[in-house]
Each structure stands twice: as C-alpha cells, then as structure tokens.
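So the structure is just underneath, and the comments pick up after that.
Read-outs: derived from the displayed coordinates by stated rules, not from any lab. What you see is a predicted model; the values in this text were computed from it and never measured. Please note: Cβ atoms are built from the backbone with ideal geometry, for glycine as well, and neighbour counts cover all protein chains shown.
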Amino acid sequence: MSPDLEVFAQHCQRFYFSSDAESDYITSTLAKVSPADRPAYTKVQAEIRSQAHAHHLSVRRSTFQAFISDPGRSDTETLVRWYSSGTEPFFHGLKAALRLQIGKGQRVVWEIDDAVFQQSGSLDFMRDAVQTMKGLGFEPNPFQEGLRQWVLTRTRDPELDAAVRVLGRGAKRGTGRMWVGTDDREPGWQGSWWFRIKYWLRSWF
C-alpha cells in the first residue's frame, strides 16, 4: 500500500469508527485522485466502512443485552424525548400494545425484532426504551434469533392508560406483531370502578 493510500486508510478509520472525525479529507481525496488509482481508494474505503459497520453493530448488540439484564426502570415521560422519524414505529407499536392490553384479562404479547431497539436511534434511546418497557411491566423473553416476545405482566389498566396518554393520540401502524395471550393477569388489573367508568366514557365520546 502506498504512503498516500495508507494516510487515506487512516482517515477512513477515524471517520467510520469515530463520530467525531470529519469526512472532508476523504471526499477531497477521492475527487482529486487519478482515475487509475481511484478503484484502490474506493476499495479501501468500502472495506473499512464494512468493518466499522460490523463493529458498531456488535457494540449495539452487546449493549442491548446489558440493558436487558440491567434491573433499571424508567418512565414514559423520559422516553418520549427520543420521538423521531426513526423511532416512530416503535412508539406507535408501544401505544398499540398498551391499548390492546387495557380491558383484557389475559396478558398481551408484543413480538419485536431486537433491531428495532438497536438501530432505530441512539444508545440513549435504546437504554430508555428497554427500561421504559420494563417499567411498564413488560418482561422480555427470547423467542428466536433476533426476535423477542415482550409480555405485559403486572401493570394495572390505570397506569397503562396514563402511559398511552403521555404517548399521545394517533393510530398509525407500529412495529412488530402483538396479540392477547392465554396467561391471566394479576388480580386488581382493572383498577377502580371510577377509572373503568371514566375510561369507558372516553372511549365512546
């Protein structure tokens, strides 16, 4: 590898492996390199970019597993700050799962690809999403490679309704698939009669 190509490779390493680096050197070098030499430069760039992608994905997967194992909990108010076009399908799926659970005596199951957590937003979003799910009473159960079934276990309807209201209105299709399972919820899941009357009235008017 020529000295110039080595320098180019070093810049590619810094840029693709670190979010702090600038791409100006890479862009300007590719613009001025001769047509005969350009294939070597683009090959180095593609190889390093592929290595960086695999590295970042590995980091996100291991970080996700750490968040799953961590007993930390969070709330919906903390999570909504990460709402964006990238995380929107997750938010709509979460809202749909909570709505589906309200009024049902059996536990809802929400099956989601782990990639939704790992690739939709930042590591901070991943942490808050996992911790909010657990705070709402979801328990993560591995189903098959890359898929996890989150089962709503202990949260009462009034708390679920409060979370839905924080998430806001709207009925867009969310990510994953969900259904009402066969396991019974814990006693007292309905909340008070006053809550049930208010919820029924809101549902109809």
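Identify which of Val80, Val130, Val109 has the largest mean-square fluctuation in a Gaussian network model of the chain, with springs joining Cα atoms closer than 10 Å.
Of Val80, Val130, Val109, the Gaussian network model singles out Val80 as fluctuating most.
Determine, at each q value in 0.12 (inverse angstroms), the log₁₀ of I(q)/I(0) that the Debye formula gives when each Cα of segment 25-110 is one equal point scatterer.
So the normalised log intensities are -0.68.
I'd like the chymotrypsin sites (Phe, Trp or Tyr not before Pro) in segment 1-102 restricted to DSSP loop residues with at most 15 other Cβ atoms within 10 Å, sorted by number.
Passing both the DSSP loop test and the Cβ count: Tyr83.
Return, for the Cα atoms of the chain, the radius of gyration and Dmax in Å, separated by a comma.
My reading of the Cα-based Rg and Dmax gives 23.0, 78 Å.
Pop the C-beta distance of Ser122 and Phe143 into the FRET formula with R0 = 22 Å and round what comes out to the nearest 0.05.
For R0 = 22 Å, the calculated efficiency reads 0.30.
Suppose the chain between Arg99 and Trp200 were pulled fully straight at 0.36 nm per residue; how much longer would it get relative to their current alpha carbon spacing?
My answer for the length gained is 35.1 nm.
Residue-wise, which Karplus ³J(HN,Hα) couplings in Hz belong to segment 64-73, taking 6.51 cos²θ - 1.76 cosθ + 1.60, θ = phi - 60°, and x for glycine or proline?
Result, rounded to whole Hz: 4, 4, 5, 5, 4, 7, 6, x, x, 10.
Pull out a ≥ b ≥ c, the square roots of the eigenvalues of the alpha-carbon gyration tensor of segment 145-205, then state rounded if a/c is under 1.5, prolate if not and a/b is larger than b/c, and oblate in the remaining case.
Oblate, because a/c is 1.5 or more while a/b does not exceed b/c.
Please work out the Cα center distance from segment 25-72 to segment 126-205, rounded to the nearest Å.
37
Taking a cut-off of 22 Å between Cα atoms, list the lysines near Lys104, but don't count ones fewer than 8 places away on the same chain.
Lys95, Lys134, Lys172, Lys198
Residue separation times 0.36 nm, minus the C-alpha to C-alpha distance between Glu88 and Phe17: what's the value?
Length gained, Glu88 through Phe17: 22.9 nm.
Mind checking the dipole of segment 76-204: about its Cα centre, +1 per Lys or Arg Cβ, -1 per Asp or Glu Cβ, Debye to the nearest 20?
Dipole about the Cα centre, nearest 20: 600 debye.
Collect residues whose amide H, placed 1.01 Å from N in the peptide plane, falls under 5 Å from the amide H of Glu139; neighbours closer than 5 in sequence don't count.
Val151, Leu152, Thr153
Taking H as built 1.01 Å from N, whose amide H comes closer than 5 Å to the amide H of Asp183, not counting residues under 5 places away?
Long-range HN contacts for Asp183: Arg107.
Straight distance only, please: which lysines reach the Cα of Lys43 with their own Cα at less than 29 Å, same-chain residues fewer than 8 apart left out?
List returned: Lys32.
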